[in-house]
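Engineer: Provided herewith is a single structure, encoded as structure tokens, for subsequent inquiry.
The values are calculated or read from the model by the stated rules, or taken from the named source; none is laboratory data. Bear in mind that the values here come from a model prediction, so they are computed numbers and not experimental data. Glycine gets a Cβ as well: all are built from the backbone with ideal geometry, and neighbour counts include every protein chain shown. Surface areas here come from the heavy atoms of the whole protein model, side chains and all, with no ligands, DNA or RNA. Shrake-Rupley method; radii C 1.70, N 1.55, O 1.52, S 1.80 Å.
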Amino acid sequence: MIPMLHTLVAMACHGEDIRKSRFLAQAAPVETPQQALAFVQAVSDASATHNCWAYRIGQDYRFNDDGEPGGTAGRPILQAIEGQGMDRVAVVVTRWYGGIKLGAGGLARAYGGTAAECLRLAERVPIIAMARLGVHCDFADLARMKARLKELGADIEQESFDANGVTLHLRLPQVQLAKARLRIVDISRGRSEAYSLE
């Protein structure tokens with residue numbers, strides 16, 4: 001079984017002083033690479049020595065060392081995201097140099113460790129795979145249909161009426177799809193059937 005991934009509820013920050021250098025990790029939930037890059041730009045501090053970052057959104061990921069030696073900043077931040085079981089997250093670790101060189105291993109530990117601690121302390125929420133269904137039902141079945149599908153975590157995205165009844169577009173957890181299909185047939189006594197909107 002695939003372990004459940006999480007994303008952040010809201011933006012999170014965590015700072016550490018490591019051998020006179022100040023490290024500040026800032027993390028945020030993101031849905032698209034464009035959102036991730038906009039977050040990086042928004043929180044990067046031009047007066048800092050380095051603003052290193054990484055993001056992961058499903059199979060899509062990127063990282064940047066921002067002038068630190070290759071592999072000592074961006075990749076450890078990405079590994080922190082993965083190590084914390086996170087997805088749809090962007091992390092920027094800003095460093096203000098304090099005059100003591102940390103070496104490649106020290107940099108990797110500082111960037112990765114600050115990012116990991118930021119994510120570890122942040123409030124998180126599980127990522128639930130969602131699916132979309134459509135159904136057309138009689139007016140008489142509508143109230144029961146809405147109530148019984150809501151029990152399965154279905155949200156109504158769209159509702160449109162015509163002379164023969166109502167069309168609903170639903171969004172619900174993928175794990176409830178089979179139950180929802182059976183419930184629709186049951187409530188309508190076989191007159192309505194769900195169809196996929198994906």
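Engineer: Using a 1.4 angstrom probe on the protein heavy atoms only, line up M145, M4, M130 by accessible area, largest first. Numbers along the way, then the final one.
Structural biologist: Values: M145 0, M4 115, M130 65 Å².
Result, largest first: M4, M130, M145.
Engineer: So, one more: In whole angstrom, how long is each semi-axis of the equivalent ellipsoid of the range 83-198, when you take the square root of 5 times every eigenvalue of its Cα gyration tensor and sort them from largest down? Provide the component values of the computation, followed by the final result.
Structural biologist: Values: eigenvalues 524, 31, 21 Å².
They are 51, 12, 10 Å, listed from largest to smallest.
Engineer: Which of the lysines could a cross-linker span from K101 if the Cα-Cα distance has to be under 29 Å and same-chain partners fewer than 8 positions apart are dropped?
Structural biologist: K20
Engineer: Would you mind giving the average projected area, over all directions, of the Cα convex hull of the chain in nm² with one decimal? Spell out each step's value before the answer.
Structural biologist: On the way: hull surface 53.8 nm².
Hull-based average projected area comes out at 13.4 nm².
Engineer: Can you find, among L177, L121, A104, the residue sitting farthest towards the positive end of the charge dipole of the range 75-198, where Lys and Arg contribute +1 and Asp and Glu -1 at Cβ?
Structural biologist: Farthest towards the positive end: A104.
Engineer: Highest mean first, how do 168-180, 43-55 rank when packing is the count of other Cβ atoms within 10 Å averaged over residues? Intermediate results must be reported in sequence, preceding the final value.
Structural biologist: Values: 168-180: 16.9, 43-55: 19.5.
Listed from highest to lowest mean packing, they are 43-55, 168-180.
Engineer: For the range 128-190 and the range 1-74, write down the distance between their C-alpha centroids in whole Å.
Structural biologist: 40
Engineer: Next question, about the same structure. Check the straight Cα-Cα distances from K179 and name the lysines below 24 Å, setting aside those fewer than 8 residues away within the same chain.
Structural biologist: Hits, sequence-local ones excluded: K146, K150.
Engineer: To continue, here is another question. For n ≥ 4 DSSP H runs only, could you compute -39500 (n - 2.57) per run for the chain, divide by its residues and tell me the 222 nm figure to the nearest 500? Numbers along the way, then the final one.
Structural biologist: Working: 5 runs with 63 residues, N = 198.
Rounded to the nearest 500, the figure is -10000 deg cm²/dmol.
Engineer: Based on the mean of other beta carbon atoms within 10 Å per residue, what is the order of 34-40, 106-112, most packed first? Don't skip to the end; give the middle numbers.
Structural biologist: Values: 34-40: 18.0, 106-112: 21.6.
Ranking the peptides 34-40, 106-112 by packing returns 106-112, 34-40.
Engineer: Follow-up question, since we're still on this one. At a probe size of 1.4 Å, how large is the accessible area of R22, to the nearest 10 Å²?
Structural biologist: Roughly 100 Å² of R22 is accessible to a 1.4 Å probe.
Engineer: So, one more: Rounded to the nearest 20 Debye, what is the dipole magnitude of the range 35-156 about its Cα centre when Lys and Arg each give +1 and Asp and Glu each give -1 at the C-beta? Could the numbers behind the result be given before it?
Structural biologist: Details: 14 positive and 13 negative charges, 34 e Å.
Roughly 160 debye for the range 35-156.
Engineer: Also, I was wondering about something else. If you wrap the range 98-157's Cα atoms in a convex hull and average its projection over all directions, what's the area in nm²? Intermediate results must be reported in sequence, preceding the final value.
Structural biologist: Values: hull surface 30.5 nm².
Mean projected area of the Cα convex hull: 7.6 nm².
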